[in-house]
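I have placed the structure first, in the form of structure tokens, so that the comments after it can refer back to it.
Read the figures in this text as sums done on the coordinates, not as results from a lab. Owing to the predicted nature of the structure, the values given are computational and were not obtained by experimental measurement. Cβ coordinates were reconstructed from backbone atoms using ideal geometry, including for glycine residues, and neighbour counts include every protein chain displayed.
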Amino acid sequence: MNKIFDRHYPMIIDGKPVDTDSVSEIRSPFDGELVGTCSLGTAEAVDAAVAAARAAFPAWSGLADEERAEFCQKIGSVFEAHAVELASLITREQGKPLVAGGFGSQFEVGGCIGWSMATSQLSLTEEVLPAGEGLSVVQRRVPKGVVGSITPWNWPLLIAVWHILPALRTGNCVVIKPSELTPLSTLRAVELLNETLPAGVLNVVTGDGLVGAALSGHPDIDKIIFTGSTATGKKVMHAAAENITDCSLELGGNDPAIILPGTPVEAIAPGLFFGAFINAGQTCGAIKRVYVPEADHDALVAALAELAQATVVGNGLDDGVAMGPVQNEAQYEKVRKLTQDALKSGASLAAGGEPVGNGFALRPAILGNCRQDMAIVTEEQFGPALPIVPYPNLEQAIEWANEGEFGLCASVWGGESAERENVANAINAGTVYINTHAELNPMVPFGGVKASGIGVQFGVEGLKSFTDSKVFYERANG
Ligand code: TXE
């Protein structure tokens with residue numbers, strides 16, 4: 001085995017490697033092969049990391065804005081220099097293929113580079129506000145202090161970058177806790193970045209929900225940013241409330257795609273398929289349910305089934321593999337159960353659903369004739385199974401799309417532009433795509449409504465969320 005992957009990854013606190021007595025083995029979700037080991041962190045490790053971040057804060061926040069912009073570029077260069085290693089590590093611990101039509105782990109590391117460079121270009125300028133005569137008022141944005149970051153297992157390194165970069169850019173220091181299921185790429189990245197950053201500016205602590213709870217409820221954290229499930233997001237918010245800690249939450253999604261009447265469904269099928277099955281469906285902003293006019297149902301299901309059958313599912317390290325496994329057993333069981341329940345309730349299986357290999361890989365399932373009351377439609381399946389729901393009229397489709405607790409993204413496909421616009425306006429979501437889905441850009445705010453989250457990431461608005469407003473009133477002498 002290549003030694004670079006089969007190693008132990010320590011936590012990094014105050015620039016130094018730190019281990020505990022308890023070791024976790026991280027295994028490939030495709031075949032159970034050992035990827036590496038790491039220590040399991042503790043609440044004491046969280047305390048040490050927060051203290052290190054607090055101690056590093058005065059010097060880091062005292063740097064000139066341009067100096068921190070340069071650090072963001074250096075971070076991008078570190079990702080670039082280690083792209084091959086990091087992509088392989090992501091593929092091995094998370095499962096997504098290296099290439100996957102351009103959206104595998106190499107794309108994930110490419111995103112880390114792109115987001116780092118783009119964040120270096122963003123900056124928050126002071127605003128001079130209207131005031132009375134003889135009075136000047138200026139509003140500046142100041143860093144909050146220590147940011148706690150908790151990340152999930154679907155895009156482990158890219159989501160870490162989405163949390164870390166804007167925090168550092170605006171002068172905060174960071175303690176990150178990656179998912180216990182996919183900690184290695186973050187541990188390695190933080191190790192590498194600590195060769196460039198001053199000690200204590202960026203710290204990583206491993207562990208499960210208990211360690212996450214210690215971080216989100218820590219009295220010396222000034223902001224918590226969390227990406228994960230709505231259930232855990234509620235716990236994070238509760239813990240943060242104890243100390244009146246600001247929190248940004250990017251939670252689940254059950255994104256609907258509405259196909260308008262008269263759309264040539266074969267033409268849009270590849271876009272829909274990509275929007276639903278990116279990262280084997282394990283993406284918060286992926287299509288989770290499709291609403292199609294009754295008359296177009298069969299043609300769309302057939303077109304999607306053809307694409308599903310042509311998809312090569314397997315070990316993400318192998319050439320030609322387009323879809324990797326579900327990342328973990330609990331998620332694998334959830335997707336299988338939702339699929340089986342849908343079939344028992346009358347859905348038709350047009351393609352897929354069967355396991356590949358002995359791990360957690362599943363062929364992408366296309367489920368036709370689904371109904372709004374099926375659990376696979378009302379819940380976030382977060383995996384490679386897509387329900388197609390025929391609708392009788394557009395009003396009904398809009399009503400169904402707006403049902404449920406989530407409001408992350410949605411998409412509208414085909415039709416005339418005025419009709420598309422009307423439907424897009426009627427959907428309650430943080431992002432509405434037209435004739436596309438799952439697009440993201442570091443300069444464009446992204447966030448959900450309802451139970452999909454609080455706040456936005458990316459762009460100037462995302463950057464602002466890592467700062468406090470500080471206003472200066474000055475009255476002229478005499
Ligand atoms: O997520 P959790 P899970 C959805 C998806 C999936 C479901 C469950 O539907 O089926 O969530 O996944 C940490 N205080 N998404 O159980 O629990 C945990 O250690 C603080 C959507 O893996 O939310 C990990 O680091 N932190 C999603 C992180 O929270 C706690 C991505 C996420 O784990 C904690 C992944 C606690 N009490 C799953 N308990 C998206 N929005 O992209 C756990 N954690």
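Angle of helix 184-193 to the longest C-alpha principal axis of the chain, folded into 0 to 90 degrees and rounded to 10: 30°. For the range 212-226, backbone phi angles converted through the Karplus equation (6.51, -1.76, 1.60; θ = phi - 60°) give residue-by-residue couplings of x, 5, 5, 6, 5, x, 5, x, 9, 9, 9, 7, 10, 10, 10 Hz, Gly and Pro being listed as x.
Loop-located GluC sites (Glu not before Pro) in the range 418-461 (DSSP state not H, G, I, E or B) with no more than 15 neighbouring Cβ atoms inside 10 Å: Glu439.
Amide H to amide H distances under 5 Å link Gly41 with Thr206, Gly207, where only residues 5 or more positions off or on other chains count and H is placed in the peptide plane.
For the chain, relative contact order (Cα pairs under 8 Å, six or more residues apart, normalised by length) works out to 18 percent.
Backbone geometry of the range 301-307 corresponds, through the Karplus equation with coefficients 6.51, -1.76 and 1.60 at θ = phi - 60°, to 3J(HN,Hα) couplings of 4, 5, 5, 5, 5, 4, 5 Hz, x marking Gly and Pro. In terms of the mean number of neighbouring beta-carbon atoms within 10 Å, the peptides 251-257, 209-215, 306-312 order highest first as 251-257, 209-215, 306-312.
Under the convention that each Lys and Arg Cβ holds +1 and each Asp and Glu Cβ holds -1, the size of the dipole of the range 40-157 around its Cα centre is about 240 debye.
The overall shape of the range 361-478, judged from the alpha-carbon gyration tensor, is prolate: a/c is not under 1.5, and a/b is greater than b/c. For Lys337, list the lysines whose Cα falls under 18 Å from its own Cα; do not include residues on the same chain fewer than 8 positions away. Cα-Cα hits under 18 Å: Lys288. Annotation: peptides 315-322, 46-53, ranked by per-residue average of other Cβ atoms within 10 Å with the highest first, follow the order 46-53, 315-322.
For Lys234, the lysines whose Cα comes closer than 16 Å to its Cα, not counting residues fewer than 8 places off in the same chain, are Lys223, Lys450. Taking the three principal axes of the alpha carbon atoms in the range 263-416, the coordinate ranges are 44, 30, 28 Å, sorted in descending order.
Listing Thr37, Thr119 from fewest to most neighbouring C-beta atoms within 10 Å gives Thr37, Thr119. The long axis of helix 156-169 is offset from the longest Cα principal axis of the chain by roughly 30 degrees. What does the C-alpha gyration tensor say about the overall shape of the chain? Classify as rounded when a/c is under 1.5, otherwise prolate if a/b is larger than b/c, or oblate. Here the chain falls in the oblate category.
Applying a DSSP loop filter and a limit of 15 other Cβ atoms within 10 Å to the GluC sites (Glu not before Pro) in the range 1-110 leaves Glu33. Angle of helix 230-242 to the longest C-alpha principal axis of the chain, folded into 0 to 90 degrees and rounded to 10: 20°. Among Ser417, Ser77, Ser465, Ser216, the ranking by other beta carbons within 10 Å of each residue's beta carbon, starting with the fewest, stands as Ser417, Ser77, Ser465, Ser216.
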